[in-house]
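Okay, so here's the structure we're looking at.
Here, each number is a calculation from the coordinates, and none is a lab measurement. For clarity, every value in this text was computed on a predicted model and none was experimentally measured. When we count neighbours, we look across all protein chains shown, and the Cβ atoms used for this are built from the backbone with ideal geometry, even at glycine.
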Amino acid sequence: MPEPVLSAADLDREMADLNRATPDAPWQIADGKLHKTFVFADFVAAFAFMTAAALVAEKMNHHPEWRNVYKSVRVDLTTHESGGITQLDFALAAAMQRLAG
């Protein structure tokens with residue numbers, strides 16, 4: 001059974017919780033997805049982040065839409081089978097945030 005899509009009130013609450021630790025580089029909702037661009041010191045650091053995040057995503061069986069260009073990693077999260085943003089997206093976003101430091 002797919003995860004339930006979060007209501008607008010739930011999205012607001014979850015966004016506030018997620019961004020509390022990173023007000024200078026917050027997650028946003030863009031095109032119906034959780035979105036953030038992480039910027040690292042260099043390509044190796046960006047790729048190391050993607051490797052660590054890939055292991056977490058695989059354990060969760062929830063895979064990001066992402067793109068790496070040099071030292072940045074653009075991430076978009078949505079639960080495709082649910083047709084929107086779910087608690088699973090916020091769990092992966094929080095894990096990615098911890099991995100990014």
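A few notes on this one:
- Considering the conditions (1) within 26 Å of PRO4 (Cβ to Cβ); (2) within 10 Å of the chain's Cα centre (by Cα), ARG74 is excluded by exactly one of them, (1).
- For segment 30-53, a residue qualifies if it is more than 10 Å from the chain's Cα centre (by Cα) and either within 20 Å of SER82 (Cβ to Cβ) or of a type in the set (Asp, Glu) (or both), and the qualifying residues are ALA30, ASP31, GLY32, ASP42.
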